[in-house]
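Step one of this worksheet: look at the structure below.
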């Protein structure tokens, strides 16, 4: 406040003068929004939960039941890594790729997937599906005896190595 007039300065705001312009603005301890723009401060103290980031089961269910989507994906990835370590490379990596594709499918179909939700639904689906597809395709192209052959890749390899 200004000492001479007893009126608020332009830099000071009352709680009634502050409006929340976006859903990302989180209130402070007194219920006032901390910021009114969509720009994040240098050090983010809080973020909005991703869409679908709620529990996959009721709150009174045990923790594994509430997080079953990510646990299912992680168990299949773990099995794939175990098979890869046990000299079943193609099968193991196909399982890893399939688990990521299943994660994308779960993220698309299930409304609340718990910790499987990392970013927006679109970003999660594109990321999980893209990585899963690339891993599965690479697993199918593994030598010797590839199950999938893409001719222009062999030409590209010879072009880069022979040059």
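Bear in mind these aren't lab numbers, they're just calculated from the coordinates by the rules spelled out. This is a predicted model, so every value here is computed, not measured. Quick reminder, even Gly has a Cβ in these numbers, built from the backbone with ideal geometry, and neighbours come from all protein chains shown.
Here is how the numbers come out for the structure above:
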item: Cα→Cβ-extended label distance, 7 Å offset, between residue 88 and residue 140, nm; result: 2.0 nm
item: Within the range 108-146: backbone nitrogen closer than 14 Å to the residue 152 label point (7 Å, Cα to C-beta); result: none
item: Value of relative contact order over the range 63-143, rounded to a whole percent, pairs C-alpha under 8 Å and six or more apart; result: 34 percent
item: Coordinate range along principal axes, alpha carbons of the range 63-143, Å, largest first; result: 39, 26, 16
